Amino acid sequence: MPFNWGRKKDKKSNQGLAGANLVGDDDEPTIATAPIDIGDGPIDKEAQERAATEALTKKGPWVELRMLVSTGSELDQTAGSGATVSTLGQLSLRTGNRNPPTILFGGPVLCVGSKFDENDEGFSYFYTKKKGQNDEVASAYISSGPAFPCPDLVTWDDDGRLCAISIKGKVSVYLSEEPNFVLLGTVAIGSSSSSDRVLSLMFLHGVLYCTTKTSVKCVFLGDLNGDVCHMDTFTLVSSRVPVMPSGSIITDYESLSPPIIPMPLHYPQILGYQSGSLMLSTTTGVVSVPLGFPLLRIGALLSAGPDFHQKAIAWFEAIPNSDHEALAEFLDRRGVPSLALLLAGISLETTIDISMRYGFVERLEEIVEIFGLDGLRAIDCSRGFSSSETDASTSLVVCVGAYLLGFGRVELVRRLATECLASGDEGKKEAFLLAGLLLSVDEKDSRRVIQRSVEDIDENTSDWVVGPFVRKHVL
């Protein structure tokens, strides 16, 4: 209650409490300016709750953001009592009040959906923090990306970086790194039919496991930091395998791809990973799916992170050399091409291809020194490259030489050009091209190689037009 409430105010004085004449005001009458209601009766809490509920009903659905705030000691947090709920405010929806929210999926990125009934596809949006916004308020969140149909399932990994969304049998995987929320890829797990939709999703050590009514599948992701994330899907278990195998499909190796284990499934739900097996809950009980096949072990260990790469390499011995080419492609798609170069069964062509695409210059230099011109030409013919004027492509020898020269391997390229001079007319053409590239580095030696490559060209019998022209008009 403010001081001097109910007394006449002195119009002449605007002084504060320190300059007021308190003695002279005691004889003046007091005039009440407002009625005072003092109620000591009981409060009807049920009536208050009903009034609040009616107010909310009239307001319609909305989304309110709340946050758990730690308030207690470490002992309280261990007991689960060291946190309180703080309200961040009401989320501003992209559609306003036209389409009220009906579905929420929480996580590091909020998904808000709206659909009118079960048959309606509906639409939804992701909501993320504004770029550069650090305040924990609802106004800091805005919709991100275009609208998409309401998902059936949304799951996150333990680190809050990977998000999997299931919509009508298809699963999309997103990478969340504030303020970015990037689509990595989409794979088909089930179908749009209600009887074959995805029932459960779970990330386990970087691998996404999915179940439908009749199958269990795993999805291996690629390089999360690269421009493209390749995703490979394998069926682990199915109740639709028509013929029972004659041998043990779990231990017998027949191909690089893991075999499909026949197993009766009844609405499987993923529980977790234990002792090398995937644990499932079904309507008939708990079942385990063995994950001991070599490719599954390699993929799971690679997905777990760099600390487990050595254990993955140890499993390479379980793959026969005849499947090393396919395994190299699998490793390349997982974002670890350097491990593919450790395989003894990969071809020279694959080794050169990986070395040039990913910048393994020392390995490429080693290949040129060991296999020389003959080795490069052997795979050049198999790939259909040519150095003739009628073909726009360039020989592999020139490609490798130009690549090495770009990394400063001048002496090696000079030796390769000299070796080409002694290998017939085709070799002289390649030496001419390599020497042209070397002109900017060592003009004297390059001109000597060019001179030797064109000096014995017969204009009457050779179809090489450039060589005689350079000999007459340039040199």
For region 216-233, the count of residues that are under 18 Å from the mean Cα position of the chain (by Cα) and part of a strand (DSSP E or B) equals 5
If we keep only residues of region 205-215 that are outside any strand (DSSP E or B) and polar (S, T, N, Q), then the residue surrounded by the fewest Cβ atoms within 10 Å (Cβ to Cβ) is Thr214
Quick check on region 420-448: of everything there that is within 47 Å of the chain's Cα centre (by Cα) and over 15 Å from Val398 (Cα atoms), which residue is surrounded by the most Cβ atoms within 10 Å (Cβ to Cβ)?
Asp442
Do we find that Leu280 is within 24 Å of the chain's Cα centre (by Cα) and modelled with pLDDT of 85 or more in this structure?
no
Can you tell me how many residues in region 399-421 are under 17 Å from Arg447 (Cα atoms) and outside any helix (DSSP H, G or I)?
0
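Does Val207 satisfy the criteria of being touching a residue at least 60 places away in the same chain (Cβ under 8 Å) and more than 21 Å from Glu121 (Cα to Cα)?
yes
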Set Gly113, Gly145, Gly160: member being part of a strand (DSSP E or B), surrounded by 11 or more Cβ atoms within 10 Å (Cβ to Cβ), modelled with pLDDT of 90 or more and within 28 Å of the chain's Cα centre (by Cα):
Gly113
Please enumerate the residues belonging to region 102-141 that are farther than 13 Å from Ile165 by Cβ, in contact with a Phe, Trp or Tyr (Cβ under 8 Å, 6 or more places away or on another chain) and small (Gly, Ala, Ser).
Ser114, Gly122
Residue in region 293-332 that is nearest to Ser255 (Cα to Cα), counting only those that are surrounded by fewer than 19 Cβ atoms within 10 Å (Cβ to Cβ) and either of a type in the set (Asp, Glu) or in contact with a strand residue (DSSP E or B) (Cβ under 8 Å, 6 or more places away or on another chain) (or both):
Asp323
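The values are calculated or read from the model by the stated rules, or taken from the named source; none is laboratory data. Owing to the predicted nature of the structure, the values given are computational and were not obtained by experimental measurement. Here Cβ is always computed from backbone atoms with ideal geometry, including for glycine, and neighbour counts include all displayed protein chains.
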